[in-house]
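S.K.: Input: one structure, supplied below.
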Amino acid sequence: MARRNRNDNYRENRDRTERYDPPNSYRPNPTPPQKKSPIDIAKAAILASVFIVGIVVGLGLNLTTSSNPSTIDSSLQIDRQAPNPELCQQFGASAIVTDMRVFLTLSPFSVYLTQPSMQPGCVLRRTNWSILEQQKLVSSEQVRDCKRRMNTFGFIGPLEGKPKIDCVYQNDAAGNLFLDRTGVAPTPESDNF
């Protein structure tokens, strides 16, 4: 039997003790945070630009004049068609004016209506009647009568021409019947305009 050298035993023990086996859960180099792929950034940029272009196109289509002159697609068209549109927007509100006559017979009781004619108009706020007075379009007596009844003035036609000016009464009691307000009582009339 061959005798082992002492140095061989020392080497064998040293190899056993110096060799370090890390545990299975140990990772020598932790993975650095992953960088976002340039492809993901490009996708996000494309989606954002498509979204913005969609908004711009939608607004552009909404603001353009309707190709069908027999329809009104937005309140902006009404605002543009009002007599003296800048003055009307600053000192009142644009309106659609409906002229119609009602004939009422009592014997037999019946109601007859004329064909309504619709045209653009403007309703001034009570605080801005001086515009009509300065241009001598209403007299001080007309202003006094309109104030006494808590009304305001509305007009059709440009103020520079021959506008038709009326003392109009604000009636909000009926409300907007296009809104679904079942079970809600009519709103009281307001005098805020």
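The values are calculated or read from the model by the stated rules, or taken from the named source; none is laboratory data. Predicted model, so just to flag it, every value in this text is computed and none were measured. Positions of Cβ are backbone-derived with ideal geometry, glycine not excepted, and every protein chain shown enters the neighbour counts.
S.K.: When you go through MET118, MET100 one by one, which is the residue that is without any contact (Cβ under 8 Å) to a residue 40 or more places away in the chain, within 21 Å of ASP79 (Cα to Cα) and surrounded by fewer than 15 Cβ atoms within 10 Å (Cβ to Cβ)?
M.R.: From the options MET118, MET100, the qualifying one is MET118.
S.K.: Among THR114, THR182, which is the only one that is of a type in the set (S, T, N, Q) and modelled with pLDDT of 90 or more?
M.R.: THR114
S.K.: Specify the residue that is farthest from ASN84 (Cα to Cα); the eligible residues are those in the range 134-166 that are touching a residue at least 40 places away in the same chain (Cβ under 8 Å) and among the small types (Gly, Ala, Ser).
M.R.: In this case the residue turns out to be GLY154.
S.K.: For the subset of the range 128-143 comprising residues that are surrounded by fewer than 10 Cβ atoms within 10 Å (Cβ to Cβ) and of a type outside the set (Gly, Ala, Ser), which member is nearest to the chain's Cα centre (by Cα)?
M.R.: Only one residue tops the list, namely GLN134.
S.K.: Now for a different question. Going by what's in this entry, would PRO120 be described as closer than 30 Å to GLU160 by Cβ and at pLDDT 85 or above?
M.R.: Spelling it out, PRO120 is indeed closer than 30 Å to GLU160 by Cβ and at pLDDT 85 or above.
S.K.: Same structure again: Restricting attention to the range 57-74, which residues are modelled with pLDDT of 70 or more and surrounded by 10 or more Cβ atoms within 10 Å (Cβ to Cβ)?
M.R.: VAL57, GLY58, LEU59, SER74
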